[in-house]
Each structure stands twice: as structure tokens, then as C-alpha cells.
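I have placed the structure first, in the form of C-alpha cells, so that the comments after it can refer back to it.
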């Protein structure tokens, strides 16, 4: 009789302990997951801000160089290589048509081997 009672209590205690351990482990993983998700979202936002900043700097440089080249009325091969590199990076970062329009205007200029 006592043996059955002790076995029943032992089974109930084991079930309670196992349930508590599972709940604690599940809670721990959820907490860690939320921290990881929050950190990941913060990193993604920071990367987005950095990407936008770099795109803005590339646009400023592209517009400055293209306006200078348009004012001089021709383009050298090194100038073309530079603005093409800047434009491609700008475009790959999601640059819009403003940079593309002035870039294409430069491409229509005549070439010279050397600056005057």
C-alpha cells in the first residue's frame, strides 16, 4: 500500500519537475531568441542607414564630377572610368534616375586623351 502511494507521489513529482524544467528551458530560448531578434533588427537598421549614407555621398560625388565634366565640355578616359565606377556603386545601392540622367549626359560628350 505505501509502495503504491510512494510510486504515485514520485511519478507526480517527476512530472512536475520535468514540466518546470521544460518551461524554464522554453522560456530561456524564447528570451534569447527575442534578444537575438532585437539585436538583428538593430543591425539591419544600422546597415540601412549606412547604405543610405554611402549612396548619398556617392550621389554628391557623381553630381559634382559630372557637372565639372559637363562644364569642361569633354571627357577623358580616366574621368569616364571614375564616374562609371561611382555611378555603378550608386545604382547598386538603389540610386534613382537623377544620377543616371547626368551620368548619361556625360557619356554623350566627346573624348579627349588629355585635359587642356
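Just so you know, all these numbers are worked out from the coordinates, no wet-lab data involved. Please read these numbers as outputs of a predicted model, since none were measured by experiment. All Cβ positions, glycine included, derive from the backbone under ideal geometry; neighbour counts span all protein chains shown.
A few points about this structure:
- Taken over the range 101-116, residues that are within 13 Å of residue 67 (Cα to Cα) and either in contact with a helix residue (DSSP H, G or I) (Cβ under 7 Å, 6 or more places away or on another chain) or part of a loop (DSSP other than H, G, I, E, B) (or both) amount to 5.
- The lone criterion from (1) touching a helix residue (DSSP H, G or I) at 6+ places or on another chain (Cβ under 8 Å); (2) surrounded by 13 or more Cβ atoms within 10 Å (Cβ to Cβ) left unmet by residue 74 is number (1).
- Residue count, the range 80-96 (criterion: part of a helix (DSSP H, G or I), out of contact with any strand residue (DSSP E or B) (no Cβ under 9 Å at 6 or more places or on another chain) and within 15 Å of residue 61 (Cα to Cα)): 10
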